Amino acid sequence: MLVSAGLLRAPALLKPRIAASRPVGRRLRHVQASLGDALVQGAISFADVPQEALLAGGAVVLAAIGGIAYAVAQSQEGGTIWQAGRQGGGSGGFGGKLPREDAVLVFGATGRMGRTVVQELLAQGRTVVAAVRSPGRARDVFGKAGLVEGRQPGGAGILFVESGVDITNPDTLSPLMFEGVSQVVTAVGAVFGRTAEGQMGYLDDMTSERVDAAGVANVAAAAAACLDPAERRSEGVVRMRSAEDLQKWQRLDDVIMGGKSSSGLAAAEDGSGAVWTGELIVDGGGFCGARTKPEPLDLSAYDGIALRVKSDGGQTFKLNIKTEAQSEVPEDTYQATFDTNPGGDWTSVFIPWHEFVLVKRARTVPGAPPIDPARIRQFGLVYSRFDFNGFPNPRYRAGKFELAIEGGIRAYRDARPQLLMVSSAGVERNAKVGNDEEARKKDIPIVQLNPGGVLNHKYTGEAAVRASGLAYSVLRPTGLTNESEPGDFLLEAGQGDRISGRISREELSTVVVAALGTPAAAGKTLELRRQESADAAGKKMSQQDKLRLFLGAAEDRLRQRVGLEPFPAPVAPPAPVSEERKKEILSDVRVIKSVAAGRGGRVRDEKDAAQASSITVTSDGREKVAAAAGGAPANVAEARAWIAAWKAKQGGTAEAGGEDVPANVAEAREWIRRWRAATLEKKLPAAAKV
């Protein structure tokens, strides 16, 4: 069973380690070797035209990790922004060194996606270590967002900054960077910019292959070298081994309602636990029960209850929990069911908090709040002929029964994702298409174009994450958008890379934070988008809604059990599409809408590009695209003149049959399509001439 103890609670029991004894470079070689041919080598040809910065489909989440030397600026509230290299923690205005524990290390922290994740984590009270190349860029980006080094204004989360970090160079991924870190997020992408002369290219050779493939593999190797693999842990909370332990339990059979059933708890003869025996008599009631005396317990650091049990034949029992809210309401309790092995063998049961539902007189309470594990007061056992809401229990047997409980009641905590990658929808379907040109033409635009082989390189990065040996999660957003539409939207998840759509960076960041807080996200790869149903708008995603995104998904290792194919092997990028084919793809209405909505990564401006130590420039050549557009308007003024002429013709004032204006609505629509396509192409770099 998967678990959900507080999606946003920091994983207090997950302890990092600093593995100076295992060099990152050695671990990297191990991870790369385990990938075999998955890590595609060789440089990207710039003739591929690096258009990641403007493409739809969520193929690019650009990381803002460019720049060089830094400056120190003082914040109005809190610590300084930003000091050189590794930060030991500013005072944040509170004095003393701030704790760096249970931290989330974010790569690509100053990129549009990464900075949004950092903001959301801090807002939820998490400690964040932002890995950046340039402290100067961190100063600009975080300063504009109102973030300071150290504790945030209002006492929210704590921010540390690690500068001089280049994920394409594993030597910069020092084990000291992982001090106090329990989880790692990668939200990286190729770094693309424009010079003052209008030329376009990759800054500092930060291509998709170097960042999304090799860089993410470096991060996965460093994380594997510095973090211990997370494991399930449990702790006893109600001991049930001796007669003295069982004195805190009280009988609660149906005799209180005039029934005839009876039961009792006794210590096992071998001291291994307790044995609950009784006789279930259907006439007059039909249940046996026992519960502990009230005792306050805070189990908020755990994910649910664990039992090791066996019975005399596979039955369904119930476990009850009362919190402080039900302590004065005898008929109310939170209740979950658990099954025993039909063969009479011992079985381990794990019941996550989300499986406990509030019942009143055995009837569920619609809309009831989830159980609060911080305020538990009592536990109870029930064996009944009823399930919930008066429906029969299909696994009960009238007469005598016996339930053995080893040790007692325990609370457990499962592993959260230790390594989370923000990838992209389209990477898996691109790998499946491979070199099948006809299949590629039928797919979504980003798969058809695949600029710079970005989908191949992100998919190779995913493979490195899955091979890391850590608990991981891979989130694949569909079309990332900057749209600031009013209101909220419900989200949905898919698997197998079969959905497309859109999702905002703000929405995705809340899912990233939710994934880090729940073990239900571990070992899973999901695509994410806004629901497209008419009633999805205006509805806010609750924490339970976000939890269900993960609960409804299969673990990657179990994909075949839910009808999904195994992951395809990573493949080399296909040959670049022709210029003619490129124009066809970019004229697709889905691409036009995506660019208009601000989807894709940001192109660095001249100021950012000027700070780069190198820029691999592409040629301009956009006049060829405009000429190929078939006489479409060159600018907005010309377009308005065309519209005015067309309107005049419709009114009878324009010369009939004139070639300078559309002759009918169909021709006008075609003109608009050609004009939009030409306008879009002018925003994109032409083919490179190295």
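The values are calculated or read from the model by the stated rules, or taken from the named source; none is laboratory data. In this text, all values refer to a predicted model and were calculated from it rather than measured experimentally. Glycine gets a Cβ as well: all are built from the backbone with ideal geometry, and neighbour counts include every protein chain shown.
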Residue check, Val474 touching a strand residue (DSSP E or B) at 6+ places or on another chain (Cβ under 7 Å), more than 25 Å from Glu565 (Cβ to Cβ) and modelled with pLDDT of 95 or more: no
Considering only segment 171-214, how many residues are in a loop (DSSP other than H, G, I, E, B), buried (at least 24 other Cβ atoms within 10 Å of the Cβ) and modelled with pLDDT of 95 or more? 3
Filter segment 366-385 for residues that are outside any strand (DSSP E or B) and touching a residue at least 12 places away in the same chain (Cβ under 8 Å) and give the result. Pro370, Ile371, Asp372, Pro373, Ala374, Arg375, Arg385
Within segment 241-268, track down each residue that is in a loop (DSSP other than H, G, I, E, B) and either hydrophobic (A, V, I, L, M, F, W, C) or touching a helix residue (DSSP H, G or I) at 6+ places or on another chain (Cβ under 7 Å) (or both). Ala243, Leu252, Ser261, Ala268
Flagged pairs (Cβ under 8 angstrom, 6 or more apart or on separate chains; first in segment 160-175, acidic (Asp, Glu); second crowded, with 19+ Cβ neighbours inside 10 Å and assigned to a loop (DSSP other than H, G, I, E, B)) are Glu162/Gln87; Glu162/Val132; Asp166/Ile65; Asp166/Arg133
Just name the residue that is modelled with the highest pLDDT out of those in segment 434-454 that are closer than 13 Å to Ser500 by Cβ and aliphatic (A, V, I, L, M). Val447
Which numbered condition Ala230 fails, given (1) of a type in the set (A, V, I, L, M, F, W, C); (2) modelled with pLDDT under 95; (3) part of a helix (DSSP H, G or I): (3)
Has segment 525-543 got at least one residue that is surrounded by 15 or more Cβ atoms within 10 Å (Cβ to Cβ), part of a helix (DSSP H, G or I) and not small (Gly, Ala, Ser)? yes
Within segment 248-302, considering residues that are surrounded by 15 or more Cβ atoms within 10 Å (Cβ to Cβ) and of a type in the set (D, E, K, R), the one nearest to Ser327 (Cα to Cα): Arg291
Any hit, segment 364-379, residues being within 15 Å of Ile409 (Cα to Cα), out of contact with any Ser or Thr (no Cβ under 6 Å at 6 or more places or on another chain) and among the small types (Gly, Ala, Ser): no
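Residues checked against (1) farther than 14 Å from Ala425 by Cβ; (2) touching a Gly at 6+ places or on another chain (Cβ under 8 Å); (3) not aliphatic (A, V, I, L, M):
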| position | (1), (2), (3) |
| --- | --- |
| Ala467 | yes, no, no |
| Arg548 | yes, no, yes |
| Gly552 | yes, no, yes |
| Gln560 | yes, no, yes |
| Leu564 | yes, yes, no |
Tell me, which helices (runs of 4 or more DSSP H) wholly within segment 419-487 include 1 or more residues that are assigned by TED's automatic domain parsing to the domain that holds Glu506 and more than 25 Å from Lys583 (Cα to Cα)? 454-466
Kindly evaluate Ser594 against the criterion of being polar (S, T, N, Q), at pLDDT 75 or above and not assigned by TED's automatic domain parsing to the domain that holds Gly453. no
Kindly list the number of the only condition in (1) in the same structural domain as Ala522 (by TED's automatic domain parsing); (2) modelled with pLDDT of 95 or more; (3) in a strand (DSSP E or B) that fails for Val238. (1)
Can you tell me which residues in segment 287-299 are part of a loop (DSSP other than H, G, I, E, B) and over 19 Å from Ile256 (Cα atoms)? Pro294, Glu295, Pro296, Asp298, Leu299
Test result for Val161, at pLDDT 95 or above, in the same structural domain as Leu98 (by TED's automatic domain parsing), buried (at least 24 other Cβ atoms within 10 Å of the Cβ) and under 18 Å from Pro417 (Cα atoms): no
Name every residue in segment 389-418 that is farther than 30 Å from Val188 by Cα, outside any strand (DSSP E or B) and either of a type outside the set (A, V, I, L, M, F, W, C) or touching a residue at least 40 places away in the same chain (Cβ under 8 Å) (or both), in order of residue number. Asn389, Gly390, Asn393, Pro394, Arg395, Tyr396, Arg397, Ala398, Gly407
Being in contact (Cβ under 8 Å) with a residue 12 or more places away in the chain, closer than 16 Å to Asp387 by Cα and outside any strand (DSSP E or B) is true for just one of Gly314, Gly284, Gly343, Gly271. Which residue is that? Gly314
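This table checks each residue for (1) among the basic types (Lys, Arg); (2) over 22 Å from Arg308 (Cα atoms); (3) within 45 Å of the chain's Cα centre (by Cα).
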| site | (1), (2), (3) |
| --- | --- |
| Ala224 | no, yes, yes |
| Arg232 | yes, no, yes |
| Glu235 | no, no, yes |
| Asp245 | no, no, yes |
| Gly258 | no, yes, no |
| Ser261 | no, yes, no |
Top-ranked residue in segment 313-334 [being of a type in the set (Asp, Glu) and touching a helix residue (DSSP H, G or I) at 6+ places or on another chain (Cβ under 9 Å); ranked as surrounded by the most Cβ atoms within 10 Å (Cβ to Cβ)]: Asp332
Considering only residues that are in a helix (DSSP H, G or I), among the acidic types (Asp, Glu) and crowded, with 19+ Cβ neighbours inside 10 Å, which ones fall in segment 488-509? Glu507
